[in-house]
1. Would you list which lysines come within 22 Å of LYS266, measuring only between C-alpha atoms, while excluding same-chain residues fewer than 8 positions from it?
2. Return the distance in nm (one decimal) between the two label points of a simple spin-label model at SER41 and THR160, each offset 7 Å from Cα along Cα→Cβ.
3. Sum up the charges of everything whose Cβ sits under 10 Å from the Cβ of ALA227, counting Lys and Arg as +1 and Asp and Glu as -1, but leave ALA227 out.
4. Report the full-extension gain for the segment ARG88 to GLU260: residue separation times 0.36 nm, less the Cα-Cα distance, to one decimal in nm.
5. Between LYS55 and TRP113, what length in nm is gained on full extension when 0.36 nm per residue of separation is reduced by their alpha carbon distance?
6. Largest first and to the nearest Å, give the Cα extent of region 16-155 along each principal axis.
7. Dipole of the chain (Lys/Arg Cβ +1, Asp/Glu Cβ -1, origin at the Cα centre): which of GLY263, LEU216, VAL230 lies farthest to the positive side?
8. If you build the convex hull over the alpha carbons only and average its shadow over all orientations, what do you get for region 132-273? Give it in nm² to one decimal.
Amino acid sequence: MFCARFFVTLSKFSCYVTMTQEIFNYLIWGMTAMAVVVFISLYFVRAGYGQFRTKQWGWSINNKVAWMLMEAPVFLVMLYIWSQAESRWHAPELVLFLLFELHYFQRSFVFPWLMTGRSKMPVAIMLMGVTFNVINGVMQGGGLYWFPNPDFVEGAQYLTRWNAIVGIVLFVLGLAVNWHSDYVIRHLRKPGDTRHYLPQRGMYRYVTSANYMGELMEWIGFALAAATPVAWVFPLWTAANLVPRAHAIHIKYRQEFGDEAVGNRKRVIPFVY
C-alpha cells in the first residue's frame, strides 16, 4: 500500500515538473555546494543518531522503522524512474541500476531488521535523510535515464571499458566490506550485554569505521563506472556525511579504549586517514 501510494505521488509530481538539462545542472551544482557545507559543519556538530544521539535532537522513534522509512524512498524513486525509461533494458544503465537497487534494497528492507538493541533515531535526522535520499534518487536516476553518459550507446560493449570494469569491481568489494563490517558490529555483544567493545575483525583491523569505508568504496566505484558528473556527486555527499562521523567515532574510541588499544588504525581510509 505504501509503495503504491508513493508511485502515484511520483507520477502526479512528474506531470507538473519537466526536468531540463539546465535545471539538472543547477541541481548538481547546488548539491555539490551543499556537500561542502555539510562536510565542514559535521566536524563541529555531531549528527545525533546512533551512539551520538542526544535529547537535544528532539522526538525519536524506533531505529528499525526510522531506517526503513529513511532509506526506502531512494529505492522507490530509482525504481519508478527505471520503470518509466525507454532504455530500462539497455545494458550499461541496467547494470548500474541493479547495483544501486541492490545496495538500497538491503539498506531499506534487510539491514534495519538485522539491527540488535532498542536504540532510537530522532525524527529530525530521519526527515533530513528522507529529503536527501529523494533528491539523490532523482539525481542518480536522471543521470542514468534522462541525461545519461553518451557512451552508453555502445551497449554491453561499454561494460568492457576499464572504468566500468574497475568501477563495478570496486562497488562489489565495497558492498562486501560494508556488509561484513555491519555483521561484525552486530555481533560485538551477546544478548543482554550492554558494554561497549572495540571492533577488531575484518577491515576494522585497519580503520575504526570499516562500514563507512565500504560505503565510500561502493559509490566511488559506481561513479567511476557511470562516468557522469552527477554520479560523482554521490561519493562526494557520502564523504561529506561519513568522513566527519568517522573522525568523531575515532576520537571516541581513543577516549574510551585508549590509544594503545586503537593503535595505528586510521579513521576510514587505511594507512591514510
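Computed from the coordinates by the stated procedures, all read-outs in this text should not be read as laboratory data. Small disclaimer: the values here were computed from a predicted structure and weren't measured. Virtual Cβ from ideal backbone geometry, glycine too; neighbours counted across all protein chains shown.
1. In chain and number order, the partners are LYS252.
2. Label at SER41, label at THR160, 4.7 nm between them.
3. Values: positive: ARG161; negative: ASP151.
Taking every other residue near ALA227 into account, the sum is 0.
4. Gain on stretching ARG88 to GLU260: 56.7 nm.
5. 18.5 nm
6. 51, 32, 29
7. GLY263
8. With every direction weighted equally, the projected area is 10.0 nm².
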